[in-house]
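The values are calculated or read from the model by the stated rules, or taken from the named source; none is laboratory data. Treat the numbers as computed from the prediction; the structure is a model and nothing was measured. Glycine gets a Cβ as well: all are built from the backbone with ideal geometry, and neighbour counts include every protein chain shown. Just the protein is used for accessible areas: all its heavy atoms, side chains included, with ligands, DNA and RNA removed. Shrake-Rupley method; radii C 1.70, N 1.55, O 1.52, S 1.80 Å.
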Amino acid sequence: MPFPILRPRRLRATAAMRRLVRETSLAPRDFIWPLFFSATLSAPKPVGTMPGVLQWPVSSAAKVARDAASHGLGAVLLFGLPKTKDARGTSALDPDGPVPRAVQEMKSAVPDLIVMTDVCVDEYTDHGHCGILREGARGEPSVDNDATLEVLAEMALVHARAGADVIAPSDMMDGRVGRLRKALDESSFIDRCILSYAVKYASSFYGPFREAADCAPKFGDRATYQMDPGNAREALREARLDEEEGADMLMVKPALPYLDIIRSVREQTTLPVLAYNVSGEYSMLKAAAAAGMIDYPRAMMEVLTSIRRAGADAILTYHAIEAAEALG
């Protein structure tokens, strides 16, 4: 029917009307809070490139768990900073390492809180890469896919024994979901979920994270195992392979430059799809707000809404506490 009978603005007339017909909504349970636990700290330490983000001592784990629960967050995701590093990431297998200890403290303090753990050795290797190195075809070091799988499987078991609810491999080695599923099942952890970083791009938006987790590569980059930003069809293949290997949930990382990928993966699978609103995306908003360029709370909620609107069932985000508070 012609104007003026069709007037879409009627549904925008008041805040109450806009809430009533809103297609995409956010709730604190949609947010997963990434956390960094250090084996060497006795007090929280700010991350310089990520305003508002801290590296935590393990002694703070119970407090942080209670904070997450009191804000109604869906889950937390733990990263570890060990006391020592070596070429094989041996500290990643230490049951007394920062992540296993933090898991135990958090689950003891808040048993119902869903605790996820990142499974990757980049934080534990002295070279900063996500796996065991070997000499490549040109005499240059490269990551040995199959040797790395064995380390990841043992790391997953260490986290599961500590009480982690969800194991989240982020290494991008081929076949790692199947290897971890086999290891968990054979050790009677058949109830532990795997959240696969199924679609993880070799992105420039990880910069601040590498300070927070102390895991910048000492040589080269991660383009031989993380995905090329120009590839979309490959993302669907990666997601499909991880689903076939036994993943319970799939992740797309980063989020904002890959909203189209989130949508495509969402349309392909019936599994829960998560998206990681990564450190560079977070720090950009903080920097723009500090420069007076944006209204930070509004921009934060707009960004998170866009990720949900693209198809993410939940969002891993450093905004988690602020966003939960904004939602009241």
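Using the structure shown, decide if Val151 is β-branched (Val, Ile, Thr), under 21 Å from Cys215 (Cβ atoms) and more than 17 Å from the chain's Cα centre (by Cα).
yes
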Query raised in the report: When only residues in segment 286-328 that are among the aliphatic types (A, V, I, L, M) and not in a helix (DSSP H, G or I) count, which is most open to solvent (accessible area, probe 1.4 Å)?
Result: Met293
Query - Conditions (1) open to solvent by less than 10 Å² (accessible area, probe 1.4 Å); (2) farther than 19 Å from Ile194 by Cβ: number failed by Ser142 - result: (1)
Query raised in the report: Mind checking whether some residue in segment 59-68 is part of a strand (DSSP E or B) and within 30 Å of Asp96 (Cβ to Cβ)?
Result: no
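Please verify whether Ala153 is over 26 Å from Glu281 (Cβ atoms) and at pLDDT 95 or above, treating the condition exactly as stated. Before the answer, list the steps.
Working: over 26 Å from Glu281 (Cβ atoms): yes; at pLDDT 95 or above: yes.
Criteria met by Ala153.
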Requested in this report: Would you point out the residue of segment 70-86, among those that are over 19 Å from Val158 (Cα atoms) and small (Gly, Ala, Ser), that is most open to solvent (accessible area, probe 1.4 Å)?
Outcome: Ser70
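Based on what the data block shows, is Thr49 surrounded by fewer than 21 Cβ atoms within 10 Å (Cβ to Cβ), within 18 Å of Phe79 (Cβ to Cβ) and of a type in the set (S, T, N, Q)? Can you show your working first?
On the way: surrounded by fewer than 21 Cβ atoms within 10 Å (Cβ to Cβ): yes; within 18 Å of Phe79 (Cβ to Cβ): yes; of a type in the set (S, T, N, Q): yes.
Criteria met by Thr49.
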Report summary line: Expected output for segment 180-195 (first residue within 11 Å of His159 (Cβ to Cβ) and part of a loop (DSSP other than H, G, I, E, B), partner open to solvent by 10 Å² or more (accessible area, probe 1.4 Å) and not polar (S, T, N, Q), Cβ below 6 Å, 6+ apart or cross-chain) is none
Query - Checking Ile167 against (1) assigned to a strand (DSSP E or B); (2) within 28 Å of Leu285 (Cα to Cα), the condition it does not meet - result: (2)
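Only one of Arg12, Arg29, Arg7, Arg22 is free of Cβ contacts under 8 Å to residues at least 12 places away in the same chain and within 20 Å of Val303 (Cβ to Cβ); which? Steps first, please.
Details: Arg12 fails: within 20 Å of Val303 (Cβ to Cβ); Arg29 fails: free of Cβ contacts under 8 Å to residues at least 12 places away in the same chain; Arg7 fails: within 20 Å of Val303 (Cβ to Cβ).
Testing whether each residue is free of Cβ contacts under 8 Å to residues at least 12 places away in the same chain and within 20 Å of Val303 (Cβ to Cβ) leaves just Arg22.
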Report summary line: How many residues of segment 89-113 are touching a residue at least 60 places away in the same chain (Cβ under 8 Å) and buried (at least 19 other Cβ atoms within 10 Å of the Cβ)? The answer is 10
Report task. Go through segment 1-26 and give me each residue that's touching a Lys or Arg at 6+ places or on another chain (Cβ under 7 Å) and either loosely packed, with under 11 Cβ neighbours inside 10 Å or in a loop (DSSP other than H, G, I, E, B) (or both). Result -> Thr24, Leu26
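Residues in segment 27-44: is at least one under 26 Å from Gly311 (Cα atoms), assigned to a loop (DSSP other than H, G, I, E, B) and open to solvent by 20 Å² or more (accessible area, probe 1.4 Å)?
Checked against the condition, which is being under 26 Å from Gly311 (Cα atoms), assigned to a loop (DSSP other than H, G, I, E, B) and open to solvent by 20 Å² or more (accessible area, probe 1.4 Å), segment 27-44 yields no hits at all.
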Report summary line: Note: among Ala310, Ala289, just one is out of contact with any Gly (no Cβ under 7 Å at 6 or more places or on another chain), of a type in the set (A, V, I, L, M) and free of Cβ contacts under 8 Å to residues at least 12 places away in the same chain, namely Ala289
Query raised in the report: Given the structure, is Asp67 touching a helix residue (DSSP H, G or I) at 6+ places or on another chain (Cβ under 9 Å) and open to solvent by less than 50 Å² (accessible area, probe 1.4 Å)?
Result: yes
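Conditions (1) of a type outside the set (D, E, K, R); (2) open to solvent by 20 Å² or more (accessible area, probe 1.4 Å), marked per residue:
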{"site": "Ala213", "(1), (2)": "yes, no"}
{"site": "Arg222", "(1), (2)": "no, no"}
{"site": "Pro229", "(1), (2)": "yes, yes"}
{"site": "Arg237", "(1), (2)": "no, yes"}
{"site": "Pro254", "(1), (2)": "yes, no"}
{"site": "Asp260", "(1), (2)": "no, yes"}
{"site": "Tyr276", "(1), (2)": "yes, no"}
{"site": "Ser279", "(1), (2)": "yes, no"}
Requested in this report: Report yes if Thr40 is more than 20 Å from Gln104 (Cβ to Cβ) and among the polar types (S, T, N, Q), otherwise no.
Outcome: no
Report summary line: Exactly one of Leu241, Leu250 is at pLDDT 95 or above and open to solvent by less than 10 Å² (accessible area, probe 1.4 Å), and that one is Leu250
Query raised in the report: Residues Asp242, Asp228, Asp260, Asp313: which one is of a type outside the set (Lys, Arg) and farther than 23 Å from Ala202 by Cβ?
Result: Asp313
Requested in this report: Specify the residue that is nearest to the chain's Cα centre (by Cα); the eligible residues are those in segment 262-274 that are surrounded by fewer than 20 Cβ atoms within 10 Å (Cβ to Cβ) and under 19 Å from Ile32 (Cα atoms).
Outcome: Pro272
